[in-house]
Amino acid sequence: MSPSSHLLSGLLDGPGRADAVEVAGTSLSSEQLVSAALAFGARLSGPEPVAVHATPTAETVVAVVGGLLAGVPVVPVPPDAGPGEVAHVLRDSGASAWAGPRPDGLDLPVVPLDLAASAPSGASPDLPAADATSLILYTSGTTGAPKGVELSSGAIAAGLDGLVDAWQWSEEDTLVHGLPLFHTHGLILGVLGALRVGSRVRHTGRPTPEAYAATPGSMYFGVPTVWSRVAAAPGAARAIGRARLLVSGSAPLPAPVFEAIAGLAGQAPIERYGMTETMITLSARADGERRAGWVGLPITGVETRVLAEDGSEVPADGESIGRLEVRGPVLFSGYLGRPETTAASFTRDGWFVTGDLAARDASGFHRIVGRESVDLIKSGGYRIGAGEIEASLLARPEVAEVAVVGEPDPDLGQRIVAWVVAEGPTGDDLAQSLVDHVAHDLSRHKRPREVRFTDSLPRNAMGKVQKKQLAP
Ligand code: MLC
Ligand code: AMP
C-alpha cells in the first residue's frame, strides 16, 4: 500500500499548509499536526482502542489523527458524557488508554497530548488494511445502552470519496463548521474529510450563526437546527452566502428553512442523508438539482432499494413509501461484540436495513419520510434512544413507570418528553431534578426537555405502552 492510499492522504501527501486545521482559535500547520499526532501515536501501546475525550479542541484532532496514524482504533467519547455513559463506553470498547483530562474513577493510563511535540525519529504513519477498524462510534438503538459501530478505514475512505465526487470537494476548499467531534458529521466528514481531501478546516467551537458568519470559507456544514438558527439571523445567512456550498444533514431539513436559506444566502442548501452505520449514502450534487425535502441520489458505489411490506420494490413515483435499504463499500463492519444484532440489521441478501421510511422518484431522487420506530428520536441532529433514557429515569426511586417520546419542536426537530408515573408527590422540583439526573447520568443532549406527570401510561392488552397515544 502506498502512502497516498492512506485514509488521511490529503494531510500526508497533499499541500503542506501553515493553517491546515483551526479549532476554536487554535491553528495547526499540516507539519505540526502530523508531528504531534505521530508523537501521540508513539505513546500508545495498541492494538486496543484509545478513548478520546472529544472536546471541540485541536487536542481532539491530534489524538484522533494520532490513533489513525498509529493504526490504533479510536473511540471518541462525548465530552459531557456522565459517569455511567463513560464507564459503559470504556468497558464495551475495551479501550486501553485515555486521551484528555482524567475523569473521576478512570483506571486507564492517560496518554499525554502535546500540540508542539516533535515526531519521534523514525516514526511514520502505519498503513492499516482497508478492513481494519479505524473508529468505533457509539450510537443509540431503540433499547439498551449505546452500541459501538465499527468503521474500517476502507468504508470511511469510500464514503468520503463519494462526497468528494458529489460535492466537487477539492483542496481549494475551506470547510467551516462547529459540530461535535464525536459523530460522523462533525468528526468524519468535518475533520477526516478535510484531511483526506487536503482542504483547510475551520472549526468554530460552537455552531452558532455568529461564529459561522465570522469565519470565511467555501463550504459550511450544519444540522437542521443550525440552519434554522442561521435562517433566523439574516445577516449571518447573507454573509455565508458567499460560500460555494451550504450542506445540511443528520435530520430532516424543514422546507421553510430550506427556502429561507435559499432566499437570504442566494443559494439553496445541499441536503444529504446518512447514518453512523452507513456513512453518507444519499446526497444532492453540487452540479445538480436541490429540492426542498429531498436528499438526492446515491453517492458513488452505493445502491438503495425501497421495499413495500411484501418485500417488493415500491414504484419510483415519488409518493409510494417503503423501507429504505442500502448496500455498498461504505457500510460499517458490525456492532462491536454484538454479532446477533449486526446480523439482524442486514437482510439475508446483504442489504443494511436503515429503519428509515423513504420514497424515490423516477430520477432517482430520495425523500426521507420518517423512521419505522418511535423509539429512535432525533433532537438537534443527535440520535437518542428512548429506552436508554427510560432506563436512566427508572433508576430514580421517585419514578414508578416512564415512557419517553419525541415531540415535534421548531428548533430541535424533535424534543424529548418523558411521561412519568411518580412514586409519591410530584412538582416542578422533581421534574427539574429528573432532567438534571439524565443530563449528568448520560449526556446533556439526552436530557428530557419536559417531564409530564401522569397517573398511568396507556397500555395494550399485552401491557405494552402505546406511545402513539401519548402524541400531542
Ligand atoms: C440547560 N443546559 C443544561 C441543562 N439545561 N445543561 C445540563 N443540564 C441541564 N439540565 C444548558 C447546556 O449546558 C447548554 O449550555 C445550553 O443549555 C444549551 O444546550 P442545548 O439546548 O442542549 O444545546 P444547544 O447548544 O442549543 O444545541 C443545539 C445544537 C446541538 C444544534 C448546537 O444540538 C448540536 O451540536 N447538534 C449536533 C448533533 C450532531 O452533530 N449530530 C450528528 C450525528 S451523525 P452551554 O453553556 O453549553 O451553552 C449523523 C450522520 C449524518 O447523524 O447523517 O450526519
Ligand atoms: P445517526 O446514526 O446519528 O447518524 O442518525 C442517523 C439517522 O439520522 C438516520 O437513520 C435518519 O433517521 C436521520 N437522518 C440523517 N440525515 C437525514 C436527512 N438528511 N433527512 C432526514 N433524516 C436524516
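The values are calculated or read from the model by the stated rules, or taken from the named source; none is laboratory data. Everything numeric in this text was worked out from a predicted model, so none of it was measured. Cβ placement follows ideal geometry from the backbone for every residue including glycine, while neighbour counts extend to all protein chains displayed. Ligands, DNA and RNA are stripped out before the accessible areas are found, and what is left, the full protein with its side chains, is counted by its heavy atoms. Shrake-Rupley method; radii C 1.70, N 1.55, O 1.52, S 1.80 Å.
For first residues located in segment 452-466 and in the same structural domain as residue 420 (by TED's automatic domain parsing), partners that are exposed (fewer than 10 other Cβ atoms within 10 Å of the Cβ) and lie 6+ apart or on another chain with Cβ distances below 8 Å form the pairs 466/460.
Taken together, the criteria exclude residue 195 from residues that are crowded, with 24+ Cβ neighbours inside 10 Å, outside any helix (DSSP H, G or I) and in the same structural domain as residue 70 (by TED's automatic domain parsing).
Report yes if some residue within segment 53-75 is assigned by TED's automatic domain parsing to the domain that holds residue 26, over 23 Å from residue 196 (Cα atoms), in contact (Cβ under 8 Å) with a residue 12 or more places away in the chain and surrounded by fewer than 24 Cβ atoms within 10 Å (Cβ to Cβ); otherwise report no.
Of segment 53-75, the ones assigned by TED's automatic domain parsing to the domain that holds residue 26 are 53-75.
Among the residues that remain, those that are also over 23 Å from residue 196 (Cα atoms) are: none.
Looking through segment 53-75, none of the residues is assigned by TED's automatic domain parsing to the domain that holds residue 26, over 23 Å from residue 196 (Cα atoms), in contact (Cβ under 8 Å) with a residue 12 or more places away in the chain and surrounded by fewer than 24 Cβ atoms within 10 Å (Cβ to Cβ).
For segment 396-446, give me each residue that is small (Gly, Ala, Ser), surrounded by 15 or more Cβ atoms within 10 Å (Cβ to Cβ) and away from ligand 1 (no atom under 16 Å from the Cβ). Let's see the steps before the verdict.
Step one: filter segment 396-446 for residues small (Gly, Ala, Ser), giving 400, 403, 406, 413, 418, 422, 424, 427, 431, 433, 439, 443.
Then keep just the ones that are surrounded by 15 or more Cβ atoms within 10 Å (Cβ to Cβ); that gives 403, 406, 413, 418, 422, 431, 439, 443.
Correct list: 403, 422.
Look at residue 450 and say whether it is over 33 Å from the mean Cα position of the chain (by Cα), open to solvent by 40 Å² or more (accessible area, probe 1.4 Å) and modelled with pLDDT of 95 or more. No: the conditions fail for residue 450. Which residues, taken from segment 232-256, are within 16 Å of ligand 1 (Cβ to nearest atom) and either open to solvent by 20 Å² or more (accessible area, probe 1.4 Å) or of a type in the set (Phe, Trp, Tyr) (or both)? 232, 233, 250, 251, 252, 254 - these are the residues of segment 232-256 that are within 16 Å of ligand 1 (Cβ to nearest atom) and either open to solvent by 20 Å² or more (accessible area, probe 1.4 Å) or of a type in the set (Phe, Trp, Tyr) (or both). Restricting attention to segment 198-224, the residues that are of a type in the set (Ser, Thr, Tyr), within 15 Å of ligand 1 (Cβ to nearest atom) and buried (at least 24 other Cβ atoms within 10 Å of the Cβ) add up to 2. The residues listed here are 385, 413, 424; of these, the one that is within 13 Å of ligand 2 (Cβ to nearest atom) and at positive phi is 413.
Quick check, is residue 155 open to solvent by 20 Å² or more (accessible area, probe 1.4 Å), touching a strand residue (DSSP E or B) at 6+ places or on another chain (Cβ under 9 Å), hydrophobic (A, V, I, L, M, F, W, C) and not assigned by TED's automatic domain parsing to the domain that holds residue 392?
On the way: open to solvent by 20 Å² or more (accessible area, probe 1.4 Å): no; touching a strand residue (DSSP E or B) at 6+ places or on another chain (Cβ under 9 Å): yes; hydrophobic (A, V, I, L, M, F, W, C): yes; not assigned by TED's automatic domain parsing to the domain that holds residue 392: yes.
When the stated conditions are applied, residue 155 does not pass them.
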